[in-house]
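Following: one structure in structure tokens, then a few remarks.
The values are calculated or read from the model by the stated rules, or taken from the named source; none is laboratory data. Just so it is clear, the structure is predicted and the values come from calculations on it, not from any experiment. Note that each Cβ is placed from the backbone with ideal geometry, even for glycine, and that neighbours are counted across all protein chains shown. Remember, those area values only see protein heavy atoms, side chains included, never the ligands or the DNA or RNA. Shrake-Rupley method; radii C 1.70, N 1.55, O 1.52, S 1.80 Å.
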Amino acid sequence: MSAVPTSVLVLGAVLLPLLALLPGALRPVARRPVALRPVTDPGRVGAWATSASFVLAVVLGVRVLADGPLAVTAAENGPGAVLALRADRLGVVLLLLVLGVSAVVQSFAVRYLRGERQAGRFVAGAAVLTTASATLVTAATLQGMALAWTAAGASLVLLLATYPELAPARLGVRRTAAAFLVGDAALWAAVALVSARVGVVGLTDAGAWREVTVDQPLLAVVSTLVVLAALARSAQLPFGRWLPATLAAPTPVSALLHAGVVNAGGILLVRLSPVVGASAFANHLALAAGAATAVWATTVMVVKADVKGALAFSTAGQMGFMVMTCALGMYAAAVLHLIAHGMYKASLFLGSGNAVRRRTLHHQAPPARVPTRRAGLVAAALSALLPTAALLGSVALLPETAAPGAGVLLVFAWFTGARATWGWLRRATTPGRSAAALLGGSVLVLAYLATTHGISDLLQPSVGRAPEAASSWWLLPVVVVLVALSVLRQADPDGRLGGAHRAVHAIALASGSHGIRVRPSGSMRRAASRTAASWAPVRSQGARS
């Protein structure tokens, strides 16, 4: 492995996915679907090329662990310096995520889009998106990362336009392009300000970033612009309307979007932590937007009836939680979260057909037994006490996880454990089920905290902590109120909170609508007129009777 040149490893891992463009460039595009051999099928070439890139990324990761960061530079000075690439531990971990998810999705799309005229557009867009995302996570300069950021956004908009004849698809393209335009403009404005001050700046150049951070007005403006760019790309409030409007895209496009592109906001905050982490205002802005999005999107997700719609709002809520972890200065936890979310959400979208079938079987099953009032109160109490015991035990075993910024994360972990425990105990609160809930919750919480600590140690040379991390304790009253309402609602489903629950349900449904309006064509209007005319005698006869 040591005999392989560094440039071959880095450039091969980043650029090999573009091989999917060669079959279409070497032969004319057919006007109708034709049978393709595996060696000339662009979809198969893209899947194989991305898989080969993943293998090179694995070898690159071994080299980085052994020898330290590796860099490839087109030129030391001049415009070529912008195109420099750098593979450190953080870059390799994110590169493995990008290439692994893309290889699986492209392999799935070979059969999913077989015979479709739009298959060529997907292959080209996926190739450019994969290379742009790989460049984004390995770029060595701020300017190079901004170029990759814009290229990834443009390729995603191209993929969302796979079916331009559908009105919902056109709406999704318009909303996504508008949100990305605002975010990209904010990022490029920040790049222009930094470039005017220090020129081409490396992401690991501590001296250049120190020169930016000592200028407080410049720091405030640049960090705020970077946060706005991250919020727009991750579908955070007030830019959250574009993600639910993209459901008309094919399932492979949705998988690439929800498993990769939306994570770019967190990647941007992590990689620009020297400037974002130095601004208290930017961190509090990210914390407020992430918390608001997490609460809103999760509430809407619960009431959504369609599978892909629920997954879309679930993604927005998860991104809100990730932005919160970045604002709290816990960048290693954010990296762990985006890795887990990327792999999990890709599998959910690729298996959304099975999810629809499971939901149908669930609706056909007999209703669950409604617990008595006393059993509901007992289950609610245990749902609060058992996760508390699991968290206290885990913190006692790993005291370093009780850092100041981890308080809110532990509260959210407790709330998640309480909800999971309630789902387990709502049918029966026997001692065996209670012991299983306590043991399972303790193991899961301990595994989560230990994994977060291990990722932090692994990425320590590349990821630090924010010196101006946002204060998180002001969120605790909000979390306590939400927990109290949830527990009371579950323990007393027919009590006074029933009306409030129905009101929240209606508000969530209204706020989660896409606002899609389809203008009827002339033939549709004529058909509606004929239908109304045919019913006119019946209505008049009914009125006389």
Charges at C-beta only: +1 for Lys and Arg, -1 for Asp and Glu. How large is the resulting dipole of segment 74-221 about its Cα centre, in Debye rounded to 20? 600 debye
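Which order do 50, 204 take by accessible area at a 1.4 Å probe, largest first?
Numbers: 50 0, 204 90 Å².
The residues order as 204, 50, largest area first.
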In what order, largest first, do 137, 58 sit by accessible area if the probe radius is 1.4 Å? 58, 137
Using amide H atoms built in the peptide plane, which far-off residues or other-chain residues are under 5 Å from residue 117 H to H? none
Just by accessible area at a 1.4 angstrom probe, what is the order of 184, 205 from largest to smallest? 205, 184
With every protein chain left in place and a probe of 1.4 Å, what is the accessible surface of residue 211, to the nearest 10 Å²? 80 Å²
In segment 170-273, if the dipole is taken from +1 on Lys/Arg beta carbons and -1 on Asp/Glu beta carbons about the Cα centre, which of 252, 198, 219 is farthest to the positive end? 252
